[in-house]
1. Compute the FRET efficiency between residue 76 and residue 243 as 1/(1 + (r/R0)^6), taking r as their Cβ-Cβ distance and R0 = 45 Å, and round to the nearest 0.05.
2. With each pseudo-label sitting 7 Å past Cα toward Cβ, what's the residue 132-residue 4 distance in nm, one decimal?
3. Assuming R0 = 25 Å, what is the FRET efficiency of residue 308 and residue 209, from their Cβ-Cβ distance, to the nearest 0.05?
4. I need the Debye-formula profile for region 290-356: one equal scatterer per C-alpha, no solvent, reported as log10 I(q)/I(0) at q = 0.18, 0.24, 0.26 1/Å, two decimals.
5. Could you sort the peptides 255-263, 343-351 by per-residue average Cβ neighbour count (10 Å cutoff), highest mean leading?
6. In which sequence would 289, 90 go, from the one with the fewest C-beta neighbours within 10 Å to the one with the most?
7. Contour minus end-to-end for residue 250 and residue 41, with contour as 0.36 nm per residue of separation and end-to-end as the Cα-Cα distance?
8. Got a sec? How would 291, 354, 227, 141 order by Cβ neighbour count within 10 Å, fewest to most?
Amino acid sequence: MTELPALGSVLVVGTGLMGTSVALALRGHGVEVHLTDRDPAVAEMAAAFGAGTVAGPDTPPADLAVIGAPPAAVPAVLADLQRRGAAAAYTDLASTKSGLQRALEGAGADATTFVGGHPLAGSERSGPTAARGDLFEGRPWVLTPSADSAPDAVAAVRELIRLCRANAVVMDPEEHDRAVALVSHAPQVLASLVGARLVDAPEDAVQLAGQGVRDVTRIAASDPALWTEILGGNATAVADVLDGVARDLEAVRQALRAGDISPVTAALQAGNAGRARLPGKHGGEPAKYTWVPVLVPDRPRELARLMTDVGDADFNIEDLEIEHSPGQPVGLARIAVRPDRAEPLVAELRSRGWTVHW
């Protein structure tokens, strides 16, 4: 295996959620990170958050520049950085790739030192204060090198991915855009459409909302301006996915109107099968967990006490969900553990005074 080059210094251009998360991950490995943003106050905030130092006119060229700008802005930002000799190699974090790749030449950018990149991680929250140094751990990070991309540039970006503890996946730009339309962009549209149904819903109905609708609409809290640009840059591929969803939705709608429940059952079963194909924790094989529901008093430090008790008893929490009960003195924490660890956890928590619904 080819030894990857060391990254002594990295310039992060655009200090939002993604760029700042990259910076935090690199700082954790002792990499010198310089930060810049079109809004200097945002770069200053990222620096205060421990992501690096704000770049200035005397900042020396970096080994790698990471562009955290919206897809449509990347070619012009790249060309400007290259004209200034800001780094030896360049990559980006944009979520669409085929249009970007085609736009490089028109922007006057040099494709030899550039390698397209897209880490498949994120959050409905935005800005540097939402960043996390472990955001990319175990997540796929797509590389879309062109035929012109120099081997040294590819190697530098692979080292970036390794330091961020992500998994490099090489794809063709068009293949990438079709894939993210299915697993990211169309789901954003669907979550937003479900969320939009709540706008004019009666208040009594909204007050009944439980974890299900919260899970489905979580990403509907994402930045509309950013997603408008992303969807516009991948419009055809997203529309293709939505065409299939529309056909399935119409079949279910007609079945419900006709009182024929069998197509609905088939749709639900297909949903089970598709959900089961998603990768497990840290990108591993799909895993099945058992959920242990625990009542948590609505008082300070009670959730922390529960987590401490679980840890002290040597149980690993695979996932955690918290559901609040409006007007009630308790909430419900659902702890996911391996199936063989569920009953021992229930017994342990009960012995420590917790009320477990099992």
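1. Values: r = 33 Å, r/R0 = 0.73.
E(calc), rounded to 0.05, equals 0.85.
2. Each label point is offset 7 Å from its Cα along the Cβ direction, giving 2.1 nm.
3. Details: r = 30 Å, r/R0 = 1.21.
Computed FRET efficiency for residue 308 and residue 209 comes out at 0.25.
4. -0.60, -1.06, -1.24
5. Working: 255-263: 10.9, 343-351: 15.9.
Most protected by this proxy first, the peptides run 343-351, 255-263.
6. 289, 90
7. Numbers: separation 209, 0.36 × 209 = 75.24 nm, distance 4.82 nm.
Value of the extension gain: 70.4 nm.
8. On the way: 291 13, 354 20, 227 17, 141 23.
The most exposed by this proxy come first: 291, 227, 354, 141.
A short reminder: the numbers here are calculations on the coordinates, not readings from a lab. Remember, it's a predicted structure, so these values are computed and weren't measured experimentally. With ideal geometry, Cβ positions are generated from the backbone for all residues, glycine too; neighbour counts draw on all protein chains shown.
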